[in-house]
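Engineer: The structure is given below, and queries will be raised subsequently.
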Amino acid sequence: MHTDSLHLYVDQLYTSPYAMSVFVALTVKQLPFTLHTVDLAAGAQHAAQFAHDSLSARVPMLQHGDFCLSESSAISEYLDENWGGAPLYPRDAQQKARARQIQAWLRSDLLPIRLERSTEVIFMQPSDQPLSAAAQQAASKLFAAAGQLIGDEGGPIFGDWCIADVDLALMLNRLLKNGDAVPEKLAHYAQQQWAHPAIAQWLQFHQRG
């Protein structure tokens, strides 16, 4: 496919974990793209044209020619299925299904963590509020599942890196970067994954600010 018309729309503050995931996906695949920011605080995502194109009035949104797509996991799959370069998902069917399961779970569950430890604690400043009982329960659920997925060496979930590693590391970093207790093996994994060059590029947007 031609890549000269790829456009990625992200939040103006660069705090969306889903926008970061797609930015990493495009960067890893070394696809040229133009980055655009959307002022969510001003409600720019609800502007008629953007809401129409994105379908869900949310970021991230990828525009490829006349085709627009929102929802980060859908975008990552679209990129992986239509362009070569470094794979974003495992090639093994069962591992690929597991990676998709991890992404879907992290986006649909663990709400108390997402509410009490927004990505502002990672990209801006930590929260001074202790975790509620509900968030502690969600953290225990996260730790149990992550502990099954992550080996003792703390490397990528499937041996080779995949986009689900970005999403899992970010969820763990909601706690770790805030100073909340995280099991050592999981903390090591999150730190290793956070050192990925494509994530470092995303973090530079905050350093410039």
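The values are calculated or read from the model by the stated rules, or taken from the named source; none is laboratory data. This one's a predicted model, so the numbers in the text were calculated from it and none came from an experiment. Here Cβ is always computed from backbone atoms with ideal geometry, including for glycine, and neighbour counts include all displayed protein chains. All accessible areas refer to the heavy atoms of the entire protein, side chains included, with ligands and DNA or RNA removed. Shrake-Rupley method; radii C 1.70, N 1.55, O 1.52, S 1.80 Å.
Engineer: Can you list the HN-Hα couplings for segment 162-172, worked out from phi with the Karplus curve (6.51, -1.76, 1.60; θ = phi - 60°), rounded to whole Hz and with x for Gly and Pro?
Structural biologist: Once θ is set to phi - 60°, the couplings for segment 162-172 become 9, 5, 5, 5, 4, 5, 5, 4, 5, 4, 5 Hz.
Engineer: Share of segment 10-66's accessible area from carbon and sulfur, percent, 1.4 Å?
Structural biologist: 54
Engineer: What list of ³J(HN,Hα) couplings, whole Hz, do you get for segment 18-33 from phi and the Karplus terms 6.51, -1.76, 1.60, once you set θ to phi - 60° and write x for glycine and proline?
Structural biologist: Per residue, the Karplus-derived 3J(HN,Hα) values read 6, 5, 4, 4, 6, 4, 4, 4, 5, 5, 4, 7, 6, 9, x, 8 Hz.
Engineer: Compute the FRET efficiency between L111 and E81 as 1/(1 + (r/R0)^6), taking r as their Cβ-Cβ distance and R0 = 35 Å, and round to the nearest 0.05.
Structural biologist: So, using R0 = 35 Å, E works out to roughly 0.70.
Engineer: Can I ask one more? Pick out which of Q45, Q63, Q148 has the largest mean-square fluctuation in a Gaussian network model of the chain, springs linking Cα atoms closer than 10 Å.
Structural biologist: Of the options given, Q148 has the highest mean-square fluctuation.
Engineer: Between Q30 and A74, what's the calculated FRET efficiency when r is the beta-carbon distance and R0 is 25 Å? Round to 0.05.
Structural biologist: Approximately 0.75, to the nearest 0.05.
Engineer: Additional query: If you roll a 1.4 Å probe over the heavy atoms of the protein chains, what accessible area per residue do you get for segment 1-127, in Å²?
Structural biologist: Ligands and nucleic acids excluded, the result is 49 Å² per residue.
Engineer: Also: Top mean-square fluctuation among T34, T119, T15, Gaussian network model of the chain, C-alpha springs under 10 Å?
Structural biologist: T34
Engineer: Long-range amide H contacts for D11: which residues qualify at under 5 Å (H placed 1.01 Å from N, peptide plane, sequence gap of 5 or more or a different chain)?
Structural biologist: S16, V38
Engineer: Let me ask you something else. Which entry is the computed percent of Cα pairs over 29 Å apart for this structure: (i) 28; (ii) 52; (iii) 23?
Structural biologist: (iii)
Engineer: Using a probe of 1.4 angstrom, how much of the accessible area of segment 131-190 is carbon and sulfur, in percent?
Structural biologist: Within segment 131-190, the accessible surface is 50 percent carbon and sulfur.
Engineer: Using the Cα centre of segment 31-140 as origin and beta-carbon charges of +1 (Lys, Arg) and -1 (Asp, Glu), tell me which of S127, H64, H36 is placed farthest towards the positive end of the dipole.
Structural biologist: S127
Engineer: Further, regarding this structure: Could you check the spin-label model distance between A42 and Q204? Points 7 Å from the Cα along Cα→Cβ, value in nm.
Structural biologist: Modelled inter-label distance: 2.6 nm.
Engineer: For segment 140-206, what is the accessible area per residue in Å², given a 1.4 Å probe and the full set of protein chains?
Structural biologist: That works out to 41 Å² for each residue.
Engineer: Using the Cα centre of the chain as the reference point, and only Cβ charges (+1 on K/R, -1 on D/E), how large is the resulting charge dipole? Debye, rounded to the nearest 20.
Structural biologist: 220
Engineer: Taking 0.36 nm per residue of sequence separation and subtracting the Cα-Cα distance, how much length would be gained by fully extending the chain between L55 and A144, in nm to one decimal?
Structural biologist: Here the segment from L55 to A144 would lengthen by 28.5 nm.
Engineer: Then there is this: Using a 1.4 Å probe, how large is the accessible area of K185, given in Å² and rounded to the nearest 10?
Structural biologist: Only protein atoms counted, so the area is about 60 Å².
Engineer: Rounded to whole Hz and in sequence order, give me ³J(HN,Hα) for segment 72-87 from the Karplus expression 6.51 cos²θ - 1.76 cosθ + 1.60, θ = phi - 60°, writing x for Gly and Pro.
Structural biologist: 3J(HN,Hα) across segment 72-87, in whole Hz: 4, 5, 5, 5, 4, 5, 4, 5, 5, 7, 10, 10, x, x, 4, x.
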